[in-house]
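Undergrad: Structure in structure tokens, see below.
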Amino acid sequence: MEKFAHDSIVPIKNSSLSKKQQVADMFDSIAYRYDFLNRFLSVGIDVGWRKKAIRQLTSLQPQLILDVATGTADVALMTLDMLNPKKIVGIDISEGMLEIGRKKIEAKGFQERIELQKGDSENISFPENTFDAITVAFGVRNYQNLSKGLEEMRRVLKPGGKLVVLEFSKPKNVLFKGIYNIYMNIIAPGFGKIVAKNKDAYQYLNDSVQAFPEGEAFLTIMKDAGLTQTYSRSLTLGICTIYCGSK
């Protein structure tokens, strides 16, 4: 199975742990500050990005949705509010993130509609042809094996189902790119160190974004994983991109 540059980008370079375990540990350690830092570091723009991604499913009207790398359940909660499906299942490898997500779901009384469980996105524990739609926001960059993760998501999609991926990308505008690089290389890791006591996590964010196969390259990888009708939408001068594909 093909490997990509970002597959080998890890939070702690001299660790003997696998990328998957390092990512789980990293998110466990920053879970308590994750939502705050997302809003703060993106100046709240990330909320709009998620809404635009979810709107890609509006015409499909999916009733059973899988949210992969669900984290603190931001996308799951937004999807319930925007699309009103019968059920959403969220999976993540970080128990620390899931704990916070469950508290948010309980606070809104949505336990019957949104179920969170610990799960590996590269070995999804559901039969093939289960879900009407799958969402994954800022998760595929953390896969240890991108191709396997995409193939797994396609496997559990029903025929006619749709995958929506939201992921960071690099801006093309030269002037804006310079500002963006300063922000990602210096400011975000600095705030990560101060607020979440974990500079490595936000340095890893930059390193993995730089190595990620974005744009047409990622659409090709989606097609190679068996997804069809693929397309992308660039957001906020290219900082973020929505990728979609169907089964």
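No value in this document is a laboratory result; all are computed from the given coordinates. Being a predicted model, the structure only gives us computed values, none of them experimental. Reconstructed Cβ throughout: ideal geometry from the backbone, glycine too, with neighbour counts over all protein chains shown.
Undergrad: R0 = 41 Å: FRET efficiency of Glu128 with Ser234, Cβ-based, nearest 0.05?
TA: 0.80
Undergrad: Separate question: Roughly how big is the chain's charge dipole about its Cα centre, with Cβ charges of +1 (Lys, Arg) and -1 (Asp, Glu), in debye to the nearest 20?
TA: 560
Undergrad: Also, quick follow-up: So if the hydrodynamic radius of segment 1-128 is defined as the Kirkwood radius over C-alpha pairs, what does Stokes-Einstein give as its diffusion coefficient at 20 °C and 1.002 mPa s, in µm² per second?
TA: Here the translational diffusion coefficient equals 135 µm²/s.
Undergrad: Along the charge dipole of the chain, Cβ charges K/R +1 and D/E -1, which of Met78, Ala107, Phe138 sits furthest on the positive end?
TA: Met78
Undergrad: Towards the positive end of the charge dipole of the chain, with charges on Cβ (+1 Lys, Arg; -1 Asp, Glu), say which of Gly96, Phe168, Ser18 has the farthest Cα.
TA: Phe168
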